[in-house]
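Following: one structure in structure tokens, then a few remarks.
The values are calculated or read from the model by the stated rules, or taken from the named source; none is laboratory data. All of these numbers come straight from a predicted model, not from anything done at the bench. Cβ: placed from backbone, ideal geometry, glycine included. Neighbour counts: every protein chain shown.
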């Protein structure tokens, strides 16, 4: 595994691979790797000649009072996991290299951000879109891999790639879960023992919502109320329970087509998110 720290060196190497006609799979991360990240690498390894992973804790996507300084970091552990997973190039730039001077511009995301996590994290997805635009320019990937645990981010990346005519295939990968259903996340380490047991209800509540839809319920208000009643049994504070169209993330009076059921719960030191994407067939006339 080749390890690169500078934007100049990664750009030079990627141009070489591009000239050789290599397909490049890119897995952008903020490190503290877990099985969710490694599932992205596994898929990228299957699909491409070269697999590139970036580890960069991006300050632009953290707002005031968020956990940028305390975000979990363990670079030596990450190096070992990346190498074992089959990463060819590990790119670990510094903040000073990625943002060499006071920014003259950022990418502003106009849609798909005023709901779910974006509603309370003003500017977060501008930071995501800005750093990804930089990384995509440096890596020139054939395919980019993102976990569906953060489905809103996937929707924003989809918009970014389409809006700027980027010749990149977006590959969403299913959420990797613990045995009890909890979505794997770098922030799970912040949960107390009691909170960790309670956290399994996030996925259980989503499954219950999906079952209501399968049973014929089409009123999003009814489904959200039932999910909330389950989440209220935890010590966490419910941030949101929402249902939207996907990937446009628009409100629906009656559920139809591809939809997302999404939840977020704030525990003492960890804010957990989870979701399910459901494709609801349209009802035929006369039925």
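A compact table of results
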item	result
Failed item in (1) in contact (Cβ under 8 Å) with a residue 60 or more places away in the chain; (2) part of a loop (DSSP other than H, G, I, E, B), with residue 69 passing the rest	(1)
Every residue from the stretch 57-75 that is out of contact with any helix residue (DSSP H, G or I) (no Cβ under 7 Å at 6 or more places or on another chain), surrounded by 14 or more Cβ atoms within 10 Å (Cβ to Cβ) and more than 19 Å from residue 188 (Cα to Cα)	none
Qualifying residue in the stretch 174-185 (condition: free of Cβ contacts under 8 Å to residues at least 40 places away in the same chain and either part of a helix (DSSP H, G or I) or out of contact with any helix residue (DSSP H, G or I) (no Cβ under 9 Å at 6 or more places or on another chain) (or both))	yes
Selected residue (criterion: surrounded by the most Cβ atoms within 10 Å (Cβ to Cβ)) from residues of the stretch 1-56 that are within 14 Å of the chain's Cα centre (by Cα) and in a loop (DSSP other than H, G, I, E, B)	33
Conditions (1) under 22 Å from the mean Cα position of the chain (by Cα); (2) within 21 Å of residue 213 (Cα to Cα); number of the one not met by residue 252	(1)
Test for residue 249: is it surrounded by 18 or more Cβ atoms within 10 Å (Cβ to Cβ), in a loop (DSSP other than H, G, I, E, B) and in contact (Cβ under 8 Å) with a residue 60 or more places away in the chain	yes
Residue in the stretch 97-116 that is assigned by TED's automatic domain parsing to the domain that holds residue 54, in contact with a strand residue (DSSP E or B) (Cβ under 8 Å, 6 or more places away or on another chain), part of a helix (DSSP H, G or I) and within 30 Å of residue 263 (Cα to Cα) present	yes
